[in-house]
Amino acid sequence: MPKQGLSKESVVQAAIRLIEEKGIDQFSMAKLAQRLNIKTASLYNHIDSLNQLLECVGEDAVRRIAGQEMLAIAGKKCDDALFALAETYRAFVREHYELYRVIMAFPKLDNPALEQEAGKIVSPILEVLSGYGLTETQQYHWQRVLRAVMGGFAFHEQSGGFSHFPVDQNESFRIAIQCVADGLRKAGGDKH
């Protein structure tokens, strides 16, 4: 019989909190059960497997980042939207690095539904890129470039990779996004 007050959603939310506190590498069903003060086997009254639980955690993370992206770009165009999106993406990775790692593991799970879910992160990016006069193919290339810059920068920050020089990391990020903006304008025929 399921523990009173415990549901699939409460298990997922507890998993999210544990992953953010301890890291995905330290996460296990046993540790989650311990956190919830139940037996590990009792988790399976609410969730089918560790993979299903991580899928639910990842889906929650995707909804969060995609929602934040959409809020950031609302009413903005071109560079204003690009910089707002980039700052939001970077902030999410910095604040929820372990959840970001769960999202980035989606392709390894070989689950088309998860791939489609992760596509929600790309939709606001494509919306921003559409304002630069790019073809559809160019937009696909540039969303990869932009995601690599944003995610790569945040990853290096999180791992301490930018701690060697006494210059402002925020300024470095602004320069990186400005380079993307300049490239987008050139690729789109510099109509802006």
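The values are calculated or read from the model by the stated rules, or taken from the named source; none is laboratory data. Since we're looking at a predicted model, the values are computed, not measured. So basically every Cβ, Gly included, is an ideal-geometry build from the backbone, and we count neighbours across all protein chains shown. These area figures cover heavy atoms from the full protein model, side chains too; ligands, DNA and RNA do not enter into them. Shrake-Rupley method; radii C 1.70, N 1.55, O 1.52, S 1.80 Å.
The table that follows gives values for the structure above.
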item: Over 29 Å (Cα to Cα) - which of LYS39/LYS120; LYS120/LYS186; LYS77/LYS120; LYS76/LYS120; LYS8/LYS120 fall in this group; result: LYS39/LYS120
item: Accessible surface of VAL128 - all protein chains present, 1.4 Å probe, nearest 10 Å²; result: 10 Å²
item: Entry for Cα extents along the principal axes in Å (calculated from the structure that is shown) out of [x] 64, 39, 29; [y] 48, 39, 38; [z] 49, 38, 24; result: [x]
item: Centre separation in Å (Cα based) which lies between segment 109-182 and segment 1-58; result: 31 Å
item: Dipole axis of the chain (+1 Lys, Arg; -1 Asp, Glu on Cβ), positive-most option in ALA105, LEU54, GLY151; result: LEU54
item: Helix-only [θ]222 nm of the chain, DSSP H runs n ≥ 4, -39500 (n - 2.57) each, per residue, nearest 500; result: -23500 deg cm²/dmol
item: Extension gain (nm, one decimal) between GLU127 and ASP168, 0.36 nm per residue minus Cα-Cα; result: 11.8 nm
item: Fraction of accessible area attributable to carbon and sulfur, segment 1-101 (%, probe 1.4 Å); result: 49 percent
item: 1.4 Å probe accessible area per residue over the chain, in Å²; result: 54 Å²
item: Segment 117-192, accessible surface, carbon-and-sulfur percent (1.4 angstrom probe); result: 57 percent
item: Candidates PRO166, PRO124, PRO112, ranked by Gaussian network fluctuation over the chain, Cα under 10 Å, top entry; result: PRO166
item: Choice from TYR44, TYR97, TYR89 showing the highest fluctuation, given a GNM over the chain with Cα pairs closer than 10 Å; result: TYR44
item: Unit charges on C-beta of K, R, D, E only; dipole of segment 19-96, Debye; result: 200 debye
